[in-house]
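Chemist: I'd like to ask you about the structure that follows.
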């Protein structure tokens, strides 16, 4: 990490003759904090009044520009493209001087990061009151030179829309939150036992049948209570393309997940002939792991999945396609004559090897189309597919194993990166699946902890997962995501904690909460109550 130079006090009052200008935002309050900031000795300010003018930034590629009132005589915000090796592809330099703002970046990713920094330096009293409104000018930016780049290439957040469906408007809001925090990957979990959520035109029953369940589990898992309400929904291909473009214009790649060979009851309910038993099969009502999975010995399964992936690849340009691979029971395969024959033909020693065979076959298909697979760490069992990347969720051991095999890894351990777990005090919070991951647990996470130094280069970064069994509404998702996502964004950007560590981060969050409020984000209040209590003492 680069050395930090002294910054402003937490609030800087603007010494300015114009009564129209408001106080400037502290550089210390930026989340994630930039890796280096140099403040001029005279500590000047740049007045942002009337309008701005973007120079060299393609408007169609940067949604952040839409919020700014622009005119030909406004304050120039200039992108100068860096062609050499001085900057990483995701890094940027930002110079705020008296009469201009200059962004030096090698590519779009750096510009997105710089614009996010500028947005956070706008006092929240000037943020748009509602989506589509402009930023209200008449404030000042502190003059500063910033040299910034992320510690990790992959900075991700996940969302499960299968257990509980989330509307397009909320997916947009979720992406806005990611962009503000400089996340660059959105892992969209689109298929499950409890619902298939993406339109596949070749197989219309996936959404006609698989997108709907006749009942849902309610309350705590131990209670095993169910309602009798039909529930579901799905995204059309047009809607999915919209989300891909919405994310792209905010510097975010959407990684779709199509689960296989397990977690597939919704697909099997639509096409039961793809199971080992032939059905009938229902879309799952409750949570958990189920024995019915794709039949690994049926050639039609691979034809079906290839057809699904053809349309998925057409919608999602992501180099990585997530194929799941987790929690696949072998019970049906053990008694299925087709699966046993497939094992015999391919000299596979057991059903774990059969799963590896299944995943490797799908990997070959995706590789032939210029894509790579990523899967949960169970894809290590029976042998890892040759080009696969691994998401390590059962702790970090699977990630370390994959890295030692020279495979790329995204760390996403349940402790502390499952945001469906409790975060403060279960007695004060809405019902959750269990577990406990506090804000400061997340802030203490290090993706390369325990990884031998020679394998660090294979750790792409990390991701938090948001499983929605116990989140029936988007408000509840927001409550579980923030403020923990803010903590993750900082450790992934800085590669560790800021100077001053926990206390400094808490102080930054004390201001950053105003940004969440300005976004209309319904964050969990517990940690902020704790900050206020600690300060009062």
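The values are calculated or read from the model by the stated rules, or taken from the named source; none is laboratory data. Keep in mind that what you see is a predicted model, and the values were worked out from it rather than measured. Here the Cβ positions follow ideal geometry from the backbone for every residue, glycine too, while neighbour counts run over all protein chains shown.
Chemist: Looking only at residues in the stretch 70-91 that are touching a residue at least 40 places away in the same chain (Cβ under 8 Å) and out of contact with any strand residue (DSSP E or B) (no Cβ under 7 Å at 6 or more places or on another chain), which one is surrounded by the fewest Cβ atoms within 10 Å (Cβ to Cβ)?
Modeler: 88
Chemist: Still on this structure: What number of residues in the stretch 476-510 are touching a residue at least 60 places away in the same chain (Cβ under 8 Å), surrounded by fewer than 19 Cβ atoms within 10 Å (Cβ to Cβ) and assigned to a helix (DSSP H, G or I)?
Modeler: 3
Chemist: Being touching a residue at least 24 places away in the same chain (Cβ under 8 Å) and either buried (at least 21 other Cβ atoms within 10 Å of the Cβ) or out of contact with any helix residue (DSSP H, G or I) (no Cβ under 9 Å at 6 or more places or on another chain) (or both) is the filter here, so list the residues in the stretch 379-399 that pass it. Before the answer, list the steps.
Modeler: Residues of the stretch 379-399 that are touching a residue at least 24 places away in the same chain (Cβ under 8 Å), as a first pass: 379, 381-389, 391, 393, 396, 399.
Across the stretch 379-399, the qualifying residues are 379, 384, 385, 388, 389, 391, 393, 396, 399.
Chemist: Any chance the stretch 133-141 includes a residue that's modelled with pLDDT under 95, in a loop (DSSP other than H, G, I, E, B) and in contact with a strand residue (DSSP E or B) (Cβ under 8 Å, 6 or more places away or on another chain)?
Modeler: Among the residues of the stretch 133-141, at least one is modelled with pLDDT under 95, in a loop (DSSP other than H, G, I, E, B) and in contact with a strand residue (DSSP E or B) (Cβ under 8 Å, 6 or more places away or on another chain), which makes the answer yes.
Chemist: Right, another one. Consider residue 97 carefully, then state whether it is touching a residue at least 40 places away in the same chain (Cβ under 8 Å) and over 17 Å from residue 176 (Cα atoms).
Modeler: So residue 97 passes the test.
Chemist: Against the definition (under 22 Å from residue 484 (Cα atoms) and touching a strand residue (DSSP E or B) at 6+ places or on another chain (Cβ under 8 Å)), how does residue 94 come out, yes or no?
Modeler: Considered against the rule, which asks whether it is under 22 Å from residue 484 (Cα atoms) and touching a strand residue (DSSP E or B) at 6+ places or on another chain (Cβ under 8 Å), residue 94 comes out as no.
Chemist: Restricting attention to the stretch 400-412, which residues are in a loop (DSSP other than H, G, I, E, B) and surrounded by fewer than 24 Cβ atoms within 10 Å (Cβ to Cβ)?
Modeler: 405, 406, 407, 408
Chemist: Follow-up question, since we're still on this one. Only one residue in 196, 188 is more than 14 Å from residue 322 (Cβ to Cβ) and at pLDDT 95 or above, so which one is that? Lay out the reasoning, then the answer.
Modeler: On the way: 188 fails: more than 14 Å from residue 322 (Cβ to Cβ).
So the residue among 196, 188 that is more than 14 Å from residue 322 (Cβ to Cβ) and at pLDDT 95 or above is 196.
Chemist: Counting only residues that are in a loop (DSSP other than H, G, I, E, B) and within 21 Å of the chain's Cα centre (by Cα), which one in the stretch 371-395 is nearest to residue 189 (Cα to Cα)? So that I can check it myself, show each step before the final result.
Modeler: Going residue by residue through the stretch 371-395, those that are in a loop (DSSP other than H, G, I, E, B) are 371, 381-388, 393-395.
Of the ones still in play, those that are also within 21 Å of the chain's Cα centre (by Cα) are 371, 388, 393-395.
Values: 371: 18, 388: 18, 393: 15, 394: 18, 395: 20 Å.
Top of the filtered list is 393.
Chemist: Then there's this: Determine if the stretch 321-335 includes at least one residue that is in contact (Cβ under 8 Å) with a residue 12 or more places away in the chain, surrounded by fewer than 21 Cβ atoms within 10 Å (Cβ to Cβ), farther than 26 Å from residue 353 by Cβ and in the same structural domain as residue 191 (by TED's automatic domain parsing).
Modeler: No, there is no match, as no residue in the stretch 321-335 is in contact (Cβ under 8 Å) with a residue 12 or more places away in the chain, surrounded by fewer than 21 Cβ atoms within 10 Å (Cβ to Cβ), farther than 26 Å from residue 353 by Cβ and in the same structural domain as residue 191 (by TED's automatic domain parsing).
Chemist: List the helices (runs of 4 or more DSSP H) that sit entirely inside the stretch 220-331 and contain at least 1 residues that are at pLDDT 95 or above and closer than 19 Å to residue 468 by Cβ.
Modeler: Details: elements: 237-248, 265-270, 299-315.
In the stretch 220-331, 237-248, 265-270 are the helices (runs of 4 or more DSSP H) which contain 1 or more residues that are at pLDDT 95 or above and closer than 19 Å to residue 468 by Cβ.
Chemist: Here are some residues: 279, 251. Which one is at positive phi and either touching a residue at least 60 places away in the same chain (Cβ under 8 Å) or under 24 Å from the mean Cα position of the chain (by Cα) (or both)?
Modeler: 251 is the lone residue from the list that is at positive phi and either touching a residue at least 60 places away in the same chain (Cβ under 8 Å) or under 24 Å from the mean Cα position of the chain (by Cα) (or both).
Chemist: With respect to residue 441, is the statement that it is farther than 28 Å from residue 389 by Cα, assigned by TED's automatic domain parsing to the domain that holds residue 387, modelled with pLDDT of 95 or more and part of a helix (DSSP H, G or I) true?
Modeler: So residue 441 does not fit the description; no.
Chemist: How many residues, within the stretch 179-219, are assigned to a strand (DSSP E or B), without any contact (Cβ under 8 Å) to a residue 40 or more places away in the chain and surrounded by 23 or more Cβ atoms within 10 Å (Cβ to Cβ)?
Modeler: Start the filter on the stretch 179-219 by keeping residues that are assigned to a strand (DSSP E or B), which leaves 185-189, 191, 196, 198, 212-213, 217-218.
Going one step further and asking which of them are without any contact (Cβ under 8 Å) to a residue 40 or more places away in the chain, we end up with 218.
Keeping just the survivors that are surrounded by 23 or more Cβ atoms within 10 Å (Cβ to Cβ) gives none.
Adding up the residues that qualify gives 0.
Chemist: State yes or no: is residue 442 over 28 Å from residue 301 (Cα atoms), without any contact (Cβ under 8 Å) to a residue 60 or more places away in the chain and touching a strand residue (DSSP E or B) at 6+ places or on another chain (Cβ under 8 Å)?
Modeler: Yes.
Condition check ((1) under 22 Å from residue 135 (Cβ atoms); (2) surrounded by fewer than 17 Cβ atoms within 10 Å (Cβ to Cβ); (3) modelled with pLDDT under 85; (4) touching a helix residue (DSSP H, G or I) at 6+ places or on another chain (Cβ under 8 Å)) across all residues:
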site: 10; (1), (2), (3), (4): no, yes, yes, yes
site: 27; (1), (2), (3), (4): yes, no, no, no
site: 35; (1), (2), (3), (4): no, no, no, yes
site: 45; (1), (2), (3), (4): yes, no, no, no
site: 49; (1), (2), (3), (4): yes, yes, no, no
site: 52; (1), (2), (3), (4): yes, no, no, no
site: 56; (1), (2), (3), (4): yes, yes, no, no
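Chemist: A further question on this structure: Go through (1) surrounded by 17 or more Cβ atoms within 10 Å (Cβ to Cβ); (2) out of contact with any strand residue (DSSP E or B) (no Cβ under 6 Å at 6 or more places or on another chain) and name the single condition residue 473 misses.
Modeler: Only one criterion is unmet by residue 473, namely (1).
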